[in-house]
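Have a look at the structure below before the remarks.
The values are calculated or read from the model by the stated rules, or taken from the named source; none is laboratory data. Values in this document were obtained by computation on a predicted structure and should not be read as measured data. Note: ideal-geometry Cβ built from the backbone for every residue, glycine included; neighbour counts use all protein chains shown.
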Amino acid sequence: MEANQILELIKNRFPDTIEEVVPSFDGQVGILVKKEKLYQVAKFLKEEPGLTFNYLADLSGVDFLGKKERRFEVVYNLYSLEHKHRFRLKVSLYEDESVDSVVGLWKSADWHERETFDLYGIVFNNHPNLTRLMMPEDYDEGYPLRKDFPLTYKYQEPFFTYDKERVLKSLEPVKED
Amino acid sequence: MTELNLDMEQERDILPESNIMTINMGPQHPSTHGVLRLIVDIEGETVVNVKPVVGYLHTGFEKLAEDKIYNQVIPLTDRMDYMSSHSYNMGYVIALEKMLEIAPPARAEYIRVVVAELQRIANHLLWLGTHALDIGAMTVLFLAFKEREKITEFFERICGARLTFNYMRVGGVNLDIGKPILDDIHAFTQSFVKELDTLETLLSQNRIWLQRTKGVGVVTKDQAIDWQLSGPMGRASGLNYDLRRDQPYGVYDQLDFEVALGVNGDSYDRYTVRMKEMRESSKLIKQAIEKMPEGPFIIDDPRFKMPGHKDRMLNIENLAHLFVLTAKGYPIKPGEIYSATEAPKGELGFYIVSDGTGKPYRIKFRTPSFVNLQILPDMSRGHLLADLVTLIGTVDITLGDLDR
């Protein structure tokens, strides 16, 4: 099915849910839905006979710090094994907001959501085990993929002096802008 | 699902009578193929639950990619799955070509098929050798590596590198393949099939091999769909899903090949599927070499093509193009794409968000190992601890691919 037809089906079923339609490269279409309705829309996409998006290809977060009013987006790239079409579902969040987990629909969302939580700090409600995945469990320096997390630490050049305190101070990492 | 993610204490409360022991496997265990760590609950010798702990090789490629221009990300994709670098290069440049709306010349498309399918054979041979070694058949390792070495030598002749190639470019490939190399590869595809027969006589009817793999780690088709398995993992369970055929990219729709499928979804089926795939790959290589037209191997567009040495020394504009390409790259208009290709291990997806500059705003690598490994707890419950080694091997993970 063409992306536009899928869009029409969702529009008819959920009239006030779609906040924005995001056309993109290669004829792909994504929709931004209200976060309260995300689980319902996802369930509809999975179970509607003409759509059957039974394959969650990918789930990821994006950080739009300073670019958009609502900072985070969670992106669900869906695929249908029967009909061989793709579709993209998105939800937009403020920094302190959370979104429903889709583990109940697609099991592989488990690690994807844990990874997104780990690297962006986005909380997924009703996730069975939302802990850090890639970073160590006791890591407390923030969320690495956020745009305000520095890519590198700049180390000051150690210099020679007999003052031990000054040498130690010069070795402390300084965050780069 | 909820059972799977209970922590160890809760699990003990549920089974108070039983005698469960928790042991640690990895991250330095030789049969975990890298730095995978498993926390295994066993009762006697039977596995009750497995909890994979990943992230020991977390490299931060996604963060790093946001600070690099698009071309500089190609070497990063090499290093994700270092067993199938060509396929990862190809997946990434195909995503970029869709965003830039350009198409590579026909010769480049066929060259891509040749190297990508050679890479698939190399990946499966390495898998076969190490998997058989895990189970206890040592001869297979040497025979498989003997063949893999030939492929590695082809790669060395094609692009100068043996493991991380950085060969694909936006709009084509880096270097042309000469006729002598193509002839040698063509001859290899014929001799290789005979070598595969030898390998199969060692394993397919081998009693030990059958006992260790038949009925071990059965994944039904419904489970495979539920867990979004892809590649040989899914196809062995009868999940008829191959992106080369279902959403063809490059020239795969002009080539003739079959998709290998399994029936039972056990470790033995995954072995047969991979063996079949190697045969199909050698068929594909043969066809691609025979159909390969003459012509340019990279698009003739100064926006993307790095000018050669002679060009930039004789022409000031070419020199300017070189500076711009190296320092700033090419801008891509704002938008986003999800592009997927069939890597040897499964579906390899790139979700790229562009903000109109020469650097990607966000890249998410959807790697097959990451998704495929999630089924390990479900697959291994009820099996012996010794079978866990078989099961890790049969998923075919690369830790660089898993942790990124």
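Quick notes on this structure:
- Test: A:Glu36 is at pLDDT 85 or above, out of contact with any Cys (no Cβ under 9 Å at 6 or more places or on another chain), within 14 Å of another protein chain (Cβ to nearest Cβ) and surrounded by fewer than 18 Cβ atoms within 10 Å (Cβ to Cβ): no
- Checking each residue of region B:332-341 against the condition of being polar (S, T, N, Q), crowded, with 17+ Cβ neighbours inside 10 Å and touching a strand residue (DSSP E or B) at 6+ places or on another chain (Cβ under 9 Å) gives at least one match.
- Flag if B:Ser354 is modelled with pLDDT of 90 or more, over 17 Å from the mean Cα position of the chain (by Cα) and buried (at least 17 other Cβ atoms within 10 Å of the Cβ): yes
- Out of B:Leu125, B:Leu57, B:Leu76, B:Leu64, sole residue that is touching a helix residue (DSSP H, G or I) at 6+ places or on another chain (Cβ under 7 Å), part of a loop (DSSP other than H, G, I, E, B) and either surrounded by fewer than 21 Cβ atoms within 10 Å (Cβ to Cβ) or at pLDDT 90 or above (or both): B:Leu57
- Options B:Lys221, B:Lys214; residue that is more than 26 Å from B:Met90 (Cβ to Cβ), within 14 Å of another protein chain (Cβ to nearest Cβ) and not hydrophobic (A, V, I, L, M, F, W, C): B:Lys221
- Test: B:Gln205 is within 30 Å of B:His383 (Cβ to Cβ), free of Cβ contacts under 8 Å to residues at least 12 places away in the same chain and in a loop (DSSP other than H, G, I, E, B): yes
- Some residue of region A:45-57 being within 13 Å of chain B (Cβ to nearest Cβ), part of a strand (DSSP E or B), among the β-branched types (Val, Ile, Thr) and closer than 23 Å to B:Gly349 by Cβ: no
- When residues of region B:368-402 are limited to those that are outside any helix (DSSP H, G or I) and of a type in the set (Val, Ile, Thr), the one surrounded by the fewest Cβ atoms within 10 Å (Cβ to Cβ): B:Thr398
- Note on region A:86-145: residues that are hydroxyl-bearing (Ser, Thr, Tyr) and assigned to a loop (DSSP other than H, G, I, E, B) amount to 6.
- Filter result for the condition that a residue is in contact with a Leu (Cβ under 8 Å, 6 or more places away or on another chain) and modelled with pLDDT under 90, over B:Arg312, B:Arg366: B:Arg312
- Qualifying residue in region B:39-53 (condition: under 22 Å from B:Tyr330 (Cβ atoms) and touching a helix residue (DSSP H, G or I) at 6+ places or on another chain (Cβ under 8 Å)): no
- Unmet requirement for B:Tyr338, which otherwise passes all of (1) part of a helix (DSSP H, G or I); (2) within 14 Å of another protein chain (Cβ to nearest Cβ): (1)
- On the stretch given as region B:115-155, residues that are closer than 17 Å to B:Leu255 by Cα and touching a Leu at 6+ places or on another chain (Cβ under 8 Å) total 1.
- Check on A:Val74, touching a Ser or Thr at 6+ places or on another chain (Cβ under 9 Å), closer than 17 Å to A:Lys46 by Cβ, in contact (Cβ under 8 Å) with a residue 40 or more places away in the chain and more than 9 Å from chain B (Cβ to nearest Cβ): yes
- Meets criteria (in contact (Cβ under 8 Å) with a residue 60 or more places away in the chain and at negative phi) for B:Val273: no
- Condition check for B:Phe297: farther than 30 Å from A:His85 by Cα, touching a residue at least 60 places away in the same chain (Cβ under 8 Å) and surrounded by 16 or more Cβ atoms within 10 Å (Cβ to Cβ): yes
- Some residue of region A:51-58 being of a type outside the set (Phe, Trp, Tyr), farther than 18 Å from B:Trp227 by Cβ, modelled with pLDDT under 85 and surrounded by 19 or more Cβ atoms within 10 Å (Cβ to Cβ): yes
- Every listed requirement among (1) of a type in the set (Ser, Thr, Tyr); (2) farther than 17 Å from A:Asn129 by Cα; (3) within 11 Å of chain B (Cβ to nearest Cβ) is met by A:Ser92 save one, (3).
- Any chance B:Ser369 is out of contact with any Pro (no Cβ under 9 Å at 6 or more places or on another chain), in contact (Cβ under 8 Å) with a residue 40 or more places away in the chain and not β-branched (Val, Ile, Thr): yes
- Any chance B:Lys333 is assigned to a strand (DSSP E or B), within 14 Å of chain A (Cβ to nearest Cβ) and of a type in the set (Lys, Arg): no
- The one condition in (1) buried (at least 21 other Cβ atoms within 10 Å of the Cβ); (2) more than 8 Å from chain B (Cβ to nearest Cβ) that A:Leu65 fails to fulfil: (1)
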